[in-house]
1. Could you tell me which of rounded, prolate or oblate describes the range 3-77, using a ≥ b ≥ c as the square roots of the eigenvalues of the alpha-carbon gyration tensor, with rounded for a/c under 1.5 and, failing that, prolate when a/b is larger than b/c and oblate otherwise?
2. At a 10 Å Cβ-Cβ cut-off, how would you order Trp9, Trp43, fewest neighbours first?
3. Which net charge results for the neighbourhood of His18, defined as the other residues with beta-carbon distances under 10 angstrom from its beta-carbon, given Lys and Arg at +1 and Asp and Glu at -1?
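No value in this document is a laboratory result; all are computed from the given coordinates. All of these numbers come straight from a predicted model, not from anything done at the bench. Methodologically, a virtual Cβ is constructed for each residue, glycine included, from the backbone with ideal geometry; neighbour enumeration extends over all protein chains shown.
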Amino acid sequence: MPFYVYENWTAEHKAVVHTGRCGYCNDGKGCHRLKLGKKNGRWLGPFPTLEKAWTAAVNTRRPARGHRCTSIGRTARK
């Protein structure tokens, strides 16, 4: 199962790890029509493991957390 990171530039300036099958992630396509294009953030991935996705989230230099669809839950790290 692939993993993705949503790097959000506006809401909380965070990076959130998702599973590809998560309804919010939708295999890196998101769940909203991108009316604002890439003004709010971007999807990174796919990553083959949760560990690689977590590393990518931390490397954004934003607070990183796992979405509830992952085994890391809402653990936050800076």
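1. Note, shape of the range 3-77 comes out oblate.
2. On the way: Trp9 14, Trp43 17.
Least crowded to most crowded, the residues run Trp9, Trp43.
3. Numbers: positive: Arg21, Arg68; negative: Asp27.
Around His18, the surrounding residues sum to +1.
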